[in-house]
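Take a look at the structure below.
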Amino acid sequence: MEKDTTTLVAPAANITAESKAVAPKGNGINTESSTFRQQRWIYGLAGLLLLVTGLGIAWWQSPDFRVYVEDVPPTFYYFLIAGFIFAMIDGAIGMSYGITSTTFSLSMGIPPASASTAVHISEILSCGIAGWMHLRMGNVNKKLFKLLILPGIAGAVIGAYLLSSLEHYAQYTKPLVSLYTLILGTVILKRAIQAQRKKVVAKKIKRIGFLGFGGGFIDAIGGGGWGSIVLSSLIAGGRHPRFSLGTVKATRFFIAMLSSLTFVTVLSHVHWDAVLGLVLGSAIASPIAARVSNKISAKTIMVAVAVIVILVSMKSIYTFVGKII
């Protein structure tokens, strides 16, 4: 039987963006159960072992593969380390992988469309596993899923197509994306500061389709934000946190997959060194993050992430303004 969402009147600690960001430890609810964390650890560890085994066999059995690895550009290793760190942050606070990865990519000189491509491709596997696990645990509201999925995909595909078409004007789109990351960084900082304060929940959101379309479009344009925009809006509007989280995670897989396909199809050049670095880095971090996620102060990490994102975004905007003045 389909789970119905219910209206809640709760502390603000219960209505923030993602399950781990719902509240610092010891405050409010945590919608990610111990069973979910254990399963994520098992699947993540199995995937990591399979990856390491495959790379090891290729390294020892294929001289061409060894030569290829030795010729890999240094940026791959930068993004490998960055993907690991950002996945660990995401595991600790349940959000910010997209925004941190995009901000880092822009600071490394990657154009906005390629940065968003790298982020979304690296999220496909993790979002697919998370969505499937939430479905198995009964955390997906099927009615809400149907209302979100098609508008979300439409918004993501349109956003990805527009951003890819403007890749030649990256010098102008980059400061716009940096402005978006600046806003999201400010939102994260605000949530961290207000985590303990009480807040009255607004009326339940009715126009789910518009929310899904807008969330998908902005997510593709800015390289992240589906969870921050859609999930936080649903929970703040009175939807049940657990079912909202499970549904948004399940739809996120399709958003990431279709926007990635659009980017790869339209773009004439994809920075695969950045893509593969983020994919491998996040894959390596996934099982580790699942184990240490409850041992790190979520509020401290949220503040640190927000400050870094804000400073880097402001630097990018300042550089652009300095060039045109």
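Packing around the peptides 161-167, 268-274, taken as the average count of other Cβ atoms within 10 Å per residue, puts them in this order, highest first: 161-167, 268-274. Measuring between alpha carbons in the structure, the pairs from Lys146/Lys190; Lys174/Lys315; Lys143/Lys249 lying more than 22 angstrom apart are Lys146/Lys190.
Given a 1.4 angstrom probe, what's the average accessible area per residue across the range 73-322, in square angstrom? The partial results should precede the final answer.
Working: 10690 Å² over 250 residues.
I get 43 Å² per residue for the range 73-322.
Classification of the range 73-322 by its C-alpha gyration tensor yields a rounded form. The axis ratio a/c (a ≥ b ≥ c) stays under 1.5.
From most to least packed by mean Cβ count within 10 Å, the peptides 240-248, 151-159 give 240-248, 151-159.
If you average the C-alpha positions of the range 309-325 and of the range 96-114 separately, how far apart do those two centres end up, in angstrom? Between the Cα centre of the range 309-325 and that of the range 96-114, the gap is 14 Å.
Peptide packing for 142-150, 181-189 was compared via the average number of neighbouring C-beta atoms within 10 Å per residue; ordered from the highest value, the list is 181-189, 142-150.
The values are calculated or read from the model by the stated rules, or taken from the named source; none is laboratory data. In this text the structure is predicted, and so the values were computed from the model without any measurement. We place every Cβ from the backbone using ideal geometry, glycine too, and count neighbours over all the protein chains shown. The accessibility values were calculated without ligands, DNA or RNA, using every heavy atom of the protein model including side chains. Shrake-Rupley method; radii C 1.70, N 1.55, O 1.52, S 1.80 Å.
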